[in-house]
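Notes follow the structure.
The values are calculated or read from the model by the stated rules, or taken from the named source; none is laboratory data. As the structure is a computational prediction, the values presented were derived from the model and not from experiment. As a convention, Cβ positions derive from the backbone with ideal geometry for all residues, glycine included, and neighbour counts pool all protein chains shown. Accessible surface areas use protein heavy atoms only, side chains included; no ligands, DNA or RNA. Shrake-Rupley method; radii C 1.70, N 1.55, O 1.52, S 1.80 Å.
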Amino acid sequence: MLLLLGFWSVWLSLIAAPLICLFLMKTRQVQGVPLARVVVLAGSLIVLVPLCWVSGLQWSSTTLNFVSCLSALYAWWILAAAALRIPHIALRIIVGVFCYAPVIPSLLVATIGILGLMFVLGDYLSPAIHDRRLDDQLTCRVTSWGAAFSDSGYTVHLYRSPIWFPIARLEVAETIVNETDPGPGPTSANCEGVAANWRRT
């Protein structure tokens, strides 16, 4: 059910969101909020979400992480629509081209790339094999991957998540196991082993 809901949410976001945001930006007020404030909030969200993703900081809930990424996508479309209201024509064209550059890739993903989209969401939104707390500071989550017609395996994620603030976590280590073709990589991994290796570093 979560996968189906996630798929339709992403698909509609890629197809319909640009048009929805254009409609919202027709007025200088968006649901009673000044346009300038909406642009600032959208820009802040676009910067914050990728920054957290790169640093490994995330919500403890996969659903909340998914919603955060989706919100950043909507924020981008809002900025793209707002760019059309820039009074200076040359600047409007430059900013507009930059902001609307992702439209074509988005349409491609939502149409001819729809199968790949389903595979990616299937890996990301599938329930974890294991998800448990190791101690007062560390949690471990083991996720499977390989929804596409290729290699498959699992990943052991180790997070620092204080017991007094369980809604957020910071990924401090991960071990990827390719069960189809391990190659030089590990052939197996578990939470205790990954945690022990991380503590030794």
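Might you check whether a residue that is of a type in the set (K, R) and under 30 Å from L12 (Cβ atoms) occurs anywhere in the stretch 119-134?
Taking the stretch 119-134 and keeping what is of a type in the set (K, R), we get 132-133.
From the residues that got through so far, the ones that are under 30 Å from L12 (Cβ atoms) too are none.
Checking the stretch 119-134: not a single residue is of a type in the set (K, R) and under 30 Å from L12 (Cβ atoms).
Can L115 be described as open to solvent by 60 Å² or more (accessible area, probe 1.4 Å) and aliphatic (A, V, I, L, M)? Even if it seems obvious, please write down each step before you answer.
Values: open to solvent by 60 Å² or more (accessible area, probe 1.4 Å): yes; aliphatic (A, V, I, L, M): yes.
Judged against the criteria, L115 is a match.
Let's see how each residue does on (1) in contact with an Asp or Glu (Cβ under 9 Å, 6 or more places away or on another chain); (2) within 24 Å of I176 (Cα to Cα):
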| site | (1), (2) |
| --- | --- |
| F98 | no, no |
| I104 | no, no |
| V109 | no, no |
| I114 | no, no |
| S126 | no, yes |
| I129 | no, yes |
| R133 | no, yes |
| D136 | no, no |
| D151 | yes, yes |
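Restricting to the stretch 135-161, name every residue that is farther than 14 Å from D123 by Cβ and assigned to a loop (DSSP other than H, G, I, E, B). Before the answer, list the steps.
So in the stretch 135-161, the residues farther than 14 Å from D123 by Cβ come out as 135-140, 156, 158-161.
Result: D135, D136, Q137, S161.
Of the residues S68, S61, which single one is within 29 Å of L121 (Cα to Cα), crowded, with 16+ Cβ neighbours inside 10 Å and polar (S, T, N, Q)?
Details: S61 fails: crowded, with 16+ Cβ neighbours inside 10 Å.
Exactly one of S68, S61 is within 29 Å of L121 (Cα to Cα), crowded, with 16+ Cβ neighbours inside 10 Å and polar (S, T, N, Q), namely S68.
Testing L48 on (1) open to solvent by less than 70 Å² (accessible area, probe 1.4 Å); (2) within 30 Å of L170 (Cβ to Cβ); (3) modelled with pLDDT of 75 or more, one condition comes back false. Which one is that?
(1)
Check whether at least one residue in the stretch 162-183 is open to solvent by 90 Å² or more (accessible area, probe 1.4 Å), free of Cβ contacts under 8 Å to residues at least 40 places away in the same chain, touching a helix residue (DSSP H, G or I) at 6+ places or on another chain (Cβ under 9 Å) and not in a loop (DSSP other than H, G, I, E, B), and report yes or no.
yes
Name every residue in the stretch 88-127 that is free of Cβ contacts under 8 Å to residues at least 40 places away in the same chain and part of a loop (DSSP other than H, G, I, E, B), in order of residue number.
H88, A101, P102, T111, I112, G113, P127
Could you count how many residues in the stretch 156-201 are among the aromatic types (F, W, Y) and out of contact with any strand residue (DSSP E or B) (no Cβ under 9 Å at 6 or more places or on another chain)? Full working, then the answer.
Going residue by residue through the stretch 156-201, those that are among the aromatic types (F, W, Y) are 159, 164-165, 198.
Next, from what is left, pick out any that are out of contact with any strand residue (DSSP E or B) (no Cβ under 9 Å at 6 or more places or on another chain): 164-165.
So the count comes out to 2.
Quick check, is F149 more than 20 Å from the chain's Cα centre (by Cα), within 16 Å of S60 (Cβ to Cβ) and open to solvent by 30 Å² or more (accessible area, probe 1.4 Å)?
Here the answer is no, as F149 does not meet what is asked.
Being under 16 Å from the mean Cα position of the chain (by Cα), within 19 Å of I167 (Cβ to Cβ) and modelled with pLDDT under 90 is true for just one of L70, L64, L57. Which residue is that?
On the way: L64 fails: modelled with pLDDT under 90; L57 fails: modelled with pLDDT under 90.
From the options L70, L64, L57, the qualifying one is L70.
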